[in-house]
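Take this structure, written in structure tokens, and hold onto it; I'll ask about it next.
The values are calculated or read from the model by the stated rules, or taken from the named source; none is laboratory data. In this text, all values refer to a predicted model and were calculated from it rather than measured experimentally. Counting neighbours? That spans all protein chains shown, and the Cβs are built from the backbone with ideal geometry, glycine included. Note: accessible area is taken over every heavy atom of the protein model, side chains too, but ligands, DNA and RNA are not part of it. Shrake-Rupley method; radii C 1.70, N 1.55, O 1.52, S 1.80 Å.
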Amino acid sequence: MPPTTTSLIRNPSRLSTALLTGALLVGGLASAPAVAGASATAAATTAVRVNQVGYLPDGPKRATIVTTSAQALGWQLRNASGAVVASGSTVARGADAPSGQSVQVADFSSHREAGTGYVVTVDGSSSVPFDIRANLYDTLRSDAMAFFHHQRSGIAIDASLVGSAYARPAAHLDVAPNKGDTSVPCQATVCDYTQDVRGGWYDAGDHGKYVVNGGISTWLVVNSFERADRAGGEAALGDSTLRVPERGNGIPDVLDEARWELDFLMRMQVPDGKPSAGMAFHKIHDVAWTGMPLRPDQDAQPRELHRPSTAATLNLAAAAAQCARVFRPYDSAYADRCMSAARRAWSAAKANPAVYAPASDSTGGGAYEDARVTDEFYWAASELYAATGESAYRDAVTSSPWHTSADAFSPYGFGWADTAALGRLVLATVPNGLPASDLARVRASVTAAADGYLSRMAAQGYAVPVPADGYFWGSNGEVANDAVVMAVAGELTGDGRYRAGALETMDYLLGRNALGLSYVTGYGETSSQNQHHRFWAHQLDASLPHPPAGSLAGGPNSGLQDPVALAKLTGCAPAACYIDHIDSYSTNEVAVNWNAPLAWLAAYAAERTSAGGEPPTAACAVTYTLSNVWSTGFTANITVKNTGPTAVDGWQLAWTHPAGQSVTSSWNATVTQSGTAVSARNADWNRTIAPGATVSFGVQGTHTGSTPSPTAFTLNAGTCA
Ligand code: 9MR
Ligand code: 9MR
């Protein structure tokens, strides 16, 4: 039976009642003390909320202003020397349910000039200073990915790679006081042998290692490389781009990082000859919850393997099949090993299709419970089909109810328990033998999902892709996962609106949100720094570090599922149910499945190739035709042809009017004149110019006696013929 929308929402924390009635602020701009000018020490939580890191020159640039004013307000964008470089009017949005605030939006996207120290000012209140620059996300690309190296189990984290504050001894290699992970017994009745399950990544702030969450996280890390590879930007994730011990081994560092976890996932597979052979143990963690803080090498709890589950087995099958495909050019022996683990896992899941991890199994580690695994079957089948082309896997794809279900992309995004969307992303992007019409339908489902996120963003004051009742445990991961879908839709269609949507989610994560706070450690004037973590526990022990830069907090969770959240956040509007306190694990933990889409997105946003980031230098031809001239005025039609090999996505055509002409109105483009310099910007509907295609627009203006036609035009950065 096709799954229903409600059956998708099985994560109990997602069912918690959303608190939609946060009090609206009263009396004008709500803010910390208003900050004048471009002071670099501006209080971060001002009424003017921006991406505190900044904006890409060619990306969307919007700020959200908290105010009770019902009237649109004027905004000014000032550069570092305080000069107004752009200005306009906000759009009043009124009450914004998720944040419980009354807000307005300022859009300064058309300002593309790079610089530092920009400030947006509205009605006397100023944003924190921010940059506009193309290399904005270069450091986050590596920091967000470095998170995984920091989380490695079974290897010393070396000061030469991470600095002394983050260095620590190898842990969970059976060196006292550790009691794992090289020979770990099962829970009573689960098995009568021990297994070497060393390595992998710690899941989060705890020292558990979970195959369910490990599979999707590994998949996203490897997928970030695949996406970059398709876009021609893989070099940025290649060998010697990350501070990992495997630097310089000839294999892309992102894949080295993924391999650390893949090796662990394969060690979790039940050996041949044992009951449930080929399945994966659901998880391995401490017998009892450990206290805080606790460096992993100091953990003295015994460790146990928990019963295999179908969901874990299919996570292994999917991640290992992807491994077989992606590692093939670099290490074919490893690719073979992954392929055989994937096939064994698939067969074992088919033989044991309904072994569910229970929600009750949460002593000493998280449950990662999942009693609906048809979606995991679909995801794994899609990967196995993409890896092998074999008809048995194709049939498993096409006969899955998820292949045609309208619910594969849930409004709550994909996640560790909801993996059908991953199957669609694989089929939509990896060449496979599905019939063209079926493939078109799969791809259309990706763009339809992205359209849903875009329209939700457009309806919200803070442009968040999740619904008002979607702020559950790990909502920031959900936001980032939605952005991944939008980015893929952009890749499939070339439609720049999707890239804009994906980039705008970064604005949310980095400060344009209900709390005016960046959820990424070390990025932005005010960022999360006390995430729940047993080693990065500075808040509990000043000798320990804060989480390293690039660590994403779980984010607002209206479920209030920890004592600090309950004590401090009762009554919060959903998007404001967050506290940067180390004990608030339900709003402020870190986790591999949240940093994975952040790293994916950072790599995407940092990319500057013709397929991805900066607009390529345009090749163009322009005809300027005076259609009517009278004693004091004129009209002109302008046609721009893209003579280059790649689509122009978003354009700005510039020329000069040297003889005293002045533009008074325009159609099919937004035209502004400053002195003699004229600039025409695309409308939303004509922003893309395919190779060989043309767009036309027109202007009307005044002149002082004659109106010679301009002869020199530039399109984006390129000079037109
Ligand atoms: O530290 C644990 C965190 O990683 C989990 O996400 C969370 C929910 O399973 O549980 C945390 O551990 C807490 C435990 O559940 C209850 N006692 C306090 C623990 C944190 O100090
Ligand atoms: O991300 C998980 C979230 O969806 C669940 O609601 C929550 C409670 O079961 O557990 C979260 O995962 C935690 C895991 O159980 C233990 N390690 C830390 C994870 C992040 O908080």
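At 1.4 Å probe size, what's the solvent-accessible area of S665? Round to the nearest 10 Å².
S665 has an accessible surface of roughly 50 Å² with all protein chains in place.
On a 0 to 90 degree scale, rounded to 10, what angle separates helix 496-509 from the longest Cα axis of the chain?
The answer is roughly 60 degrees.
Under 5 Å between amide hydrogens, which residues at least 5 positions from S89 or on another chain qualify, with H placed 1.01 Å from N in the peptide plane?
W75
Give me the net charge of L314's neighbourhood, meaning all other residues with Cβ under 11 Å from the Cβ of L314; Lys, Arg count +1, Asp, Glu -1.
Computed value for this residue: -3.
Determine the relative contact order of segment 620-719: mean sequence separation of Cα pairs under 8 Å and six or more apart, normalised by residue count, in whole percent.
The normalised contact order for segment 620-719 reaches 38 percent.
On C-alpha positions alone, give me the angle between the axis of helix 374-388 and the longest principal axis of the chain, in degrees, nearest 10.
Helix 374-388 sits roughly 80 degrees off the main axis of the chain.
Kindly count the pairs of lysines across the chain whose alpha carbons are less than 17 Å apart, treating pairs on different chains or eight or more residues apart as eligible.
Lysine pairs meeting both conditions in the chain amount to 4.
Further, regarding this structure: With everything on Cα atoms, drop me the angle between helix 436-458 and the longest principal axis of the chain, reported from 0 to 90° to the nearest 10.
70
In nm, to one decimal, how far is the K274 label point from the D438 one, both placed 7 Å along Cα→Cβ?
Rounded to a tenth, the inter-label distance reads 3.7 nm.
To continue, here is another question. Report, in whole Å, the centroid distance computed from the Cα atoms of segment 155-224 and segment 340-368.
Using only Cα atoms to place each centre, the spacing works out to 18 Å.
Measuring from centroid to centroid over Cα atoms, what is the spacing of segment 250-329 and segment 439-457 in Å?
32
Could you provide, to the nearest whole Å², the per residue accessible area of segment 427-548 with probe 1.4 Å?
27
Further question: Pop the C-beta distance of T363 and A165 into the FRET formula with R0 = 30 Å and round what comes out to the nearest 0.05.
The calculated FRET efficiency here is 0.40.
Carbon-plus-sulfur fraction of the accessible area of segment 173-240, 1.4 Å probe, in percent?
50
Let me ask something else about it. How much of C186 can a 1.4 Å solvent probe reach, expressed as accessible area in Å² and rounded to 10?
Its accessible surface works out to 20 Å², give or take rounding.
Right, another one. State the percentage of accessible surface on segment 620-719 attributable to carbon and sulfur atoms; use a 1.4 Å probe and exclude ligands, DNA and RNA.
Percent of accessible area from carbon and sulfur atoms in segment 620-719: 53.
Modelling each spin label as a point 7 Å along the Cα-to-Cβ direction, I'd like the A72/A721 distance in nm, to one decimal.
It works out to 4.1 nm between the two label points.
How much area per residue is accessible in segment 620-719 when the probe is 1.4 Å and only protein heavy atoms are counted (Å²)?
Heavy-atom SASA per residue in segment 620-719 reads 47 Å².
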